[in-house]
1. Please enumerate the residues belonging to the stretch 143-156 that are surrounded by 23 or more Cβ atoms within 10 Å (Cβ to Cβ) and in a loop (DSSP other than H, G, I, E, B).
2. For the stretch 84-109, give me each residue that is more than 23 Å from residue 186 (Cα to Cα) and in a strand (DSSP E or B).
3. Have a look at 63, 117 and point out the one that is in a loop (DSSP other than H, G, I, E, B) and either on the phi > 0 side of the Ramachandran plot or at pLDDT 95 or above (or both).
4. Tally time: how many residues in the stretch 61-105 are free of Cβ contacts under 8 Å to residues at least 40 places away in the same chain and buried (at least 16 other Cβ atoms within 10 Å of the Cβ)?
5. Mind checking which residues of the stretch 251-310 are farther than 27 Å from residue 190 by Cβ and among the acidic types (Asp, Glu)?
6. Just to be sure before I move on: is residue 245 farther than 20 Å from residue 296 by Cα and polar (S, T, N, Q) in the structure I sent?
7. Consider residue 253 carefully, then state whether it is open to solvent by less than 10 Å² (accessible area, probe 1.4 Å), under 19 Å from the mean Cα position of the chain (by Cα), closer than 24 Å to residue 116 by Cβ and without any contact (Cβ under 8 Å) to a residue 60 or more places away in the chain.
8. Among (1) within 30 Å of residue 53 (Cβ to Cβ); (2) touching a Pro at 6+ places or on another chain (Cβ under 8 Å), where does residue 177 come up short?
Amino acid sequence: MNHPLWGRRKRIKQLVLACLIVALVTVLVIAVETLTTEGALKLAPPAGYSASQLIFDDQFSGTSLNSAHWNTFMGGQGGQFWSADGLPAADSAAGTFFHQTYFSPSQVTVNDGLTLTMVPDATYSSLGYRYRSGVVTTSHKFTLRSGYVQIKAKMSDASGGGWPAIWFIDPSSGSGGQEIDLQEGGFIPATVGLPRDTPENNVFVSTYHTPSGSQSSFSYATPNPMNAGFSIYGMEYIPGRSIKTYFDGRLVGSWTQNVSTTPYEIVIWNAQASVKASGYHTTGESPDPSRLDVAEVQAYALSPSRASQP
């Protein structure tokens, strides 16, 4: 025969268990929400760096671009706007010799991530621009004087003339057009020393433009197409000593001669090559629309210990 206290104790145990389950579910929900809104996109520091060295971080949360970090026009190297003649106010371009793209703020969107969208547009074809797209720069907002920048991004399709790029430019108008191209998409594999059958979307190319005006490049065939998923693009800059570029943690480019001492601005764009670029770059028509997505941009200050390493 069951004692009345047994039933009471059983009900208490059931109530306690139910309360524990509710509490556990609540904790898990909060943890998931926290990871989703705050930490899911957070990149770990690159090798040799720590979180305490982080000096710039944008995860593009919410639905608006952080104007304290970014501009939506192409500028730098002493110019507020590039090739804006004939374009509406706030629009910009990189010239029409190798590119046929003008940049409009309307093509820069944020929705818990940054998207630069390129579409065909003949409005300014008389000026040489047959595509409208987006660009973001840190011109007059942030410059890397030394340290490491890493960017988690998914490139746009580069097989039909697409020219997605992550690069760094000298904010001043000094001679030599100093520039570090962390990644420029769309180069024909054979022209950058890769096997001819390498798919264009797997061609990773880093180029350094020196203070004296010379340039040299390193290339790498990525395991997977860069437009198929997110990868981490990294660049370490030690003024006067070295520039190194990385793809998903793999060292691709390394320069130790004629290294500049200038600070650099960050540029991310989605552009289209013109026929003048044929012979070394893909040409044709990119998908409509063409998207370049960025999940996060970080910059780390160079520590004294890092600077003293050989």
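1. Within the stretch 143-156, 155, 156 meet the criteria.
2. 109
3. On the way: 117 fails: in a loop (DSSP other than H, G, I, E, B).
On inspection, the qualifying residue turns out to be 63.
4. Total meeting the criteria: 9.
5. 265, 288, 293, 296 - these are the residues of the stretch 251-310 that are farther than 27 Å from residue 190 by Cβ and among the acidic types (Asp, Glu).
6. On the way: farther than 20 Å from residue 296 by Cα: no; polar (S, T, N, Q): yes.
When the stated conditions are applied, residue 245 does not pass them.
7. Criteria met by residue 253.
8. The one condition residue 177 does not meet is (2).
The values are calculated or read from the model by the stated rules, or taken from the named source; none is laboratory data. All of these numbers come straight from a predicted model, not from anything done at the bench. Neighbour counts run over all protein chains shown; Cβ positions are idealised from the backbone, glycine included. These area figures cover heavy atoms from the full protein model, side chains too; ligands, DNA and RNA do not enter into them. Shrake-Rupley method; radii C 1.70, N 1.55, O 1.52, S 1.80 Å.
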